[in-house]
Amino acid sequence: MLILAIDTSAVASAALVSDDAPESVIASFATADTRSHAEVLAPGIEAMLSEAGVSGADIDALVVGVGPGPFTGLRSGIATARTLAFVWGKPLHGLVSLDAVALQVAESTAAVPEFLVVTDARRKEVYWARYSLADGQLPLLQDGPHVSVAAELPDLPAFGAGAGLYGDVVEAHPEFAAEQPDALYLGQSALARLASGEALLDSTPLYLRESDAQVPGPRKRAL
Amino acid sequence: MNRTQPLVLGIESSCDETGVGVVRGTTLLANTVSSSMDEHVRFGGVIPEIASRAHLDAFVPTLEQALADAGVRLADVDAIAVTSGPGLAGALMVGVCAAKALAVATGKPLYAINHLVAHVGVGLLDDRATGKNQDLPANLGALLVSGGHTEILRINSITSDVELLGATIDDAAGEAYDKVARILGLGYPGGPAIDKVARNGNPKAIRFPRGLTQPKYMGTADEPGPHRYDWSFSGLKTAVARCVEQFEARGEEIPVADIAAAFQEAVVDVISSKAVLACREHGIKDVLLGGGVAANSRLRELTGQRCASAGIRLHVPPLDLCTDNGAMVAALGAQLVMAGVEPSGIGFAPDSSLPVTSVSLPA
Ligand SMILES: [Zn+2]
């Protein structure tokens, strides 16, 4: 099975993963910055497909990170994935973007049985979720994702750039203090879950916050 | 690429309308629009984040519908065009990302185009009743009035040479309508609500200010002031609020119809007089009216009268093509293809304040 994975919940990233490939990775790319998704994502995907010699017809499914993440960036990945899936006529699945960091933790020497994944939600808040990990299993989402101030997080080891930002109040793992969700791990997670028959999410974004719009109150009358 | 009768798909998402249109050359094949206007009603104005969320969910269904309406397949399309600005940044982003993905998935060339110039592009579509081709006259003026913009442009070449003669320096005219409708308790969108109530009012009952009309802003034809062809509507809105407060302070009933009529007269008067002035002083003999506020009956009437007395022909496209839509984007895209302009590629960024001098982005 060949999957194109896309995530723009923090940085822009995309990957081609397949259970036939070594380490199940065919190609991947990720940007460092969090504010230029609209420029870099499509060229990145196009270059990746052409270098790998893969066309839309070869792809079996698409996977997109549905957040949580800053809204405008998050939508750029979902809009891209939905459109590609529509044109190619391929199924599109969603995954919580934090799952990407969780899998990366699980595959590292830093793995612990229970931990948090934390990303930057801006406005002095973080997006976070609690995962559990059993030997040889994929990390399991136990609670979340939520958005809150870092000081309200459960007292557990915390992984991801959001933890790194608030190292004064959370137990941030130093090796993961700048880590962002990456489509590469999202794709691998999707491959494993689809292989085990698990149903994934649809591509509905996890905004977690309402739009800031305020319904205007009645106009104040003079006197 | 077929450059004589190109089949072009246009995508628009700069404000609250998700539009996908299809044209072949100058023939309109489909104009599908999904609006999030209903979701903004309780806020009394467009909320950018709500508009962006709606674009994301509306895009693929709107695209599918437009292809069905046009009876074409994506594979048949020669080029894709998308609004890359000006507009709401987050809203533009959705259309731009979708358009780029469409270009990647189909391998079709992509044009990043200017929303304001696209409003003029609809004037080139064949007359729907007669099927007749409509050439834009040389040295065309375009008066664009909507909730997001108020501009007077000069179009020397729609594909390569567009000039901004004047624009609002604060609120767009449609925005002023929305704000005043809220003050008067008339609901959203303000344009049609005020237009309706104003018919029963006396436009001369109250005299509201015409922004930027004092000599220090106007100057003379030979020595134009800093805002000779520009507009300002924020002072007008404040004047309406003060007026309402004075009636309330005196314990008198608010003459809503008179205020609406007088407000509308102030807006329409200053828009049409400055537009006609700009045209006269630039030797412009034809002017096209575009934007959602073109639906306003009084604006069409007064602008029509003043153009006629100045010997200027006023062109008003069908109203469904005046409001934001994908057909206008496709229409301009087709003009670019036919003029041999090269596509923009997929590396560009949306630009919420794209100037009108930039008709399409270079590769
Ligand atoms: Zn417009």
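Can you tell me which of B:Val82, B:Val46 is crowded, with 20+ Cβ neighbours inside 10 Å and under 19 Å from B:Leu7 (Cα atoms)? Don't jump to the end; show me each part of the working.
On the way: B:Val46 fails: under 19 Å from B:Leu7 (Cα atoms).
Matching residue, one of B:Val82, B:Val46: B:Val82.
Considering only the range B:274-283, state which residues are in contact (Cβ under 8 Å) with a residue 40 or more places away in the chain and either crowded, with 24+ Cβ neighbours inside 10 Å or out of contact with any strand residue (DSSP E or B) (no Cβ under 7 Å at 6 or more places or on another chain) (or both).
Our first condition is that a residue be in contact (Cβ under 8 Å) with a residue 40 or more places away in the chain; within the range B:274-283, this holds for B:274-275, B:277-279, B:281-283.
If the condition is that a residue be in contact (Cβ under 8 Å) with a residue 40 or more places away in the chain and either crowded, with 24+ Cβ neighbours inside 10 Å or out of contact with any strand residue (DSSP E or B) (no Cβ under 7 Å at 6 or more places or on another chain) (or both), then B:Lys274, B:Ala275, B:Leu277, B:Cys279, B:Glu281, B:Gly283 are the ones that fit.
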Of all residues in the range B:72-108, which are within 11 Å of chain A (Cβ to nearest Cβ), more than 19 Å from the chain's Cα centre (by Cα) and not hydrophobic (A, V, I, L, M, F, W, C)? B:Arg73, B:Lys100, B:Thr106, B:Gly107, B:Lys108
What are the pairs, 6+ residues apart or on separate chains, where a residue within the range B:11-34 that is more than 16 Å from the ligand (Cβ to nearest atom) has its Cβ under 6 Å from a residue that is hydroxyl-bearing (Ser, Thr, Tyr)? B:Thr32/B:Thr62
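Okay, residues lined up against (1) under 17 Å from B:Glu12 (Cα atoms); (2) surrounded by 24 or more Cβ atoms within 10 Å (Cβ to Cβ); (3) at pLDDT 95 or above:
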site: B:Ala89; (1), (2), (3): yes, no, yes
site: B:Met93; (1), (2), (3): yes, yes, yes
site: B:Val96; (1), (2), (3): yes, yes, yes
site: B:Leu102; (1), (2), (3): yes, yes, yes
site: B:Lys108; (1), (2), (3): no, no, yes
site: B:Tyr111; (1), (2), (3): yes, yes, yes
site: B:His115; (1), (2), (3): yes, yes, yes
site: B:Asp126; (1), (2), (3): no, no, no
site: B:Thr130; (1), (2), (3): no, no, no
Kindly check whether there is at least one residue in the range A:51-59 that is within 21 Å of A:Ile26 (Cβ to Cβ), within 11 Å of chain B (Cβ to nearest Cβ) and not aliphatic (A, V, I, L, M). yes
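Listed here are the residues, each with its yes/no results for (1) among the aliphatic types (A, V, I, L, M); (2) within 21 Å of B:Gly191 (Cβ to Cβ).
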residue	(1), (2)
B:Ala101	yes, no
B:Lys108	no, no
B:His119	no, yes
B:Val122	yes, yes
B:Asp127	no, no
B:Thr130	no, no
B:Ala142	yes, yes
B:Asn156	no, no
Quick check, is B:Val287 β-branched (Val, Ile, Thr) and in a helix (DSSP H, G or I)? no
Of residues in the range B:35-51 being without any contact (Cβ under 8 Å) to a residue 40 or more places away in the chain and away from every other protein chain (no Cβ under 13 Å), the one nearest to B:Gln134 (Cα to Cα): B:Ser35
Across the range B:216-271, what is the number of residues that are under 14 Å from B:Ala198 (Cα atoms) and polar (S, T, N, Q)? 1
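Yes/no matrix, rows are residues, columns are (1) among the charged types (D, E, K, R); (2) touching a residue at least 12 places away in the same chain (Cβ under 8 Å); (3) more than 14 Å from every other protein chain (Cβ to nearest Cβ):
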| residue | (1), (2), (3) |
| --- | --- |
| A:Asp7 | yes, yes, no |
| A:Ala12 | no, yes, no |
| A:Ser28 | no, yes, yes |
| A:Glu39 | yes, no, no |
| A:Ala42 | no, yes, no |
Residue count, the range B:176-214 (criterion: buried (at least 17 other Cβ atoms within 10 Å of the Cβ) and within 14 Å of chain A (Cβ to nearest Cβ)): 10
Determine whether the range B:69-79 contains at least one residue that is over 30 Å from A:Asp7 (Cα atoms), more than 16 Å from the ligand (Cβ to nearest atom), free of Cβ contacts under 8 Å to residues at least 60 places away in the same chain and not in a loop (DSSP other than H, G, I, E, B). yes
Residue within the range B:150-165 that is out of contact with any His (no Cβ under 6 Å at 6 or more places or on another chain), small (Gly, Ala, Ser) and under 23 Å from B:Ile284 (Cα atoms) present: yes
Which residue pairs have Cβ atoms under 9 Å apart, sit 6 or more places apart or on different chains, and have a first residue in the range B:327-351 that is within 22 Å of A:Glu46 (Cα to Cα) and within 14 Å of another protein chain (Cβ to nearest Cβ) and a second that is of a type in the set (Lys, Arg) and surrounded by fewer than 24 Cβ atoms within 10 Å (Cβ to Cβ)? B:Pro343/B:Lys108
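From the list A:Ala102, A:Ala110, pick out the single residue that is more than 14 Å from chain B (Cβ to nearest Cβ), more than 30 Å from B:Glu64 (Cα to Cα), assigned to a loop (DSSP other than H, G, I, E, B) and touching a residue at least 24 places away in the same chain (Cβ under 8 Å).
Details: A:Ala102 fails: assigned to a loop (DSSP other than H, G, I, E, B).
None of the other options fit; the residue is A:Ala110.
Out of A:Gly69, A:Gly77, A:Gly73, which single residue is within 21 Å of A:Arg122 (Cα to Cα), away from every other protein chain (no Cβ under 11 Å) and touching a residue at least 40 places away in the same chain (Cβ under 8 Å)? Show your work before the answer.
Working: A:Gly77 fails: away from every other protein chain (no Cβ under 11 Å); A:Gly73 fails: away from every other protein chain (no Cβ under 11 Å).
Step by step, each of A:Gly69, A:Gly77, A:Gly73 is checked, and only A:Gly69 is within 21 Å of A:Arg122 (Cα to Cα), away from every other protein chain (no Cβ under 11 Å) and touching a residue at least 40 places away in the same chain (Cβ under 8 Å).
So that you can scan it fast, the table gives a plain yes or no per residue for (1) assigned to a strand (DSSP E or B); (2) within 16 Å of the ligand (Cβ to nearest atom); (3) away from chain A (no Cβ under 14 Å); (4) not aromatic (Phe, Trp, Tyr):
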{"position": "B:Ala239", "(1), (2), (3), (4)": "no, no, yes, yes"}
{"position": "B:Arg242", "(1), (2), (3), (4)": "no, no, no, yes"}
{"position": "B:Glu253", "(1), (2), (3), (4)": "no, no, no, yes"}
{"position": "B:Ile259", "(1), (2), (3), (4)": "no, no, no, yes"}
{"position": "B:Glu265", "(1), (2), (3), (4)": "no, no, yes, yes"}
{"position": "B:Val270", "(1), (2), (3), (4)": "no, no, yes, yes"}
{"position": "B:Cys279", "(1), (2), (3), (4)": "no, no, yes, yes"}
{"position": "B:Pro317", "(1), (2), (3), (4)": "no, yes, yes, yes"}
{"position": "B:Leu321", "(1), (2), (3), (4)": "no, yes, yes, yes"}
For B:Asp38, only one of the following conditions fails: (1) buried (at least 18 other Cβ atoms within 10 Å of the Cβ); (2) more than 14 Å from the ligand (Cβ to nearest atom). What is its number? (1)
Consider B:Asp258 carefully, then state whether it is acidic (Asp, Glu) and modelled with pLDDT of 95 or more. yes
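The values are calculated or read from the model by the stated rules, or taken from the named source; none is laboratory data. This is a predicted model, so every value here is computed, not measured. Note that we place each Cβ from the backbone using ideal geometry, even for glycine, and neighbour counts take in every protein chain shown.
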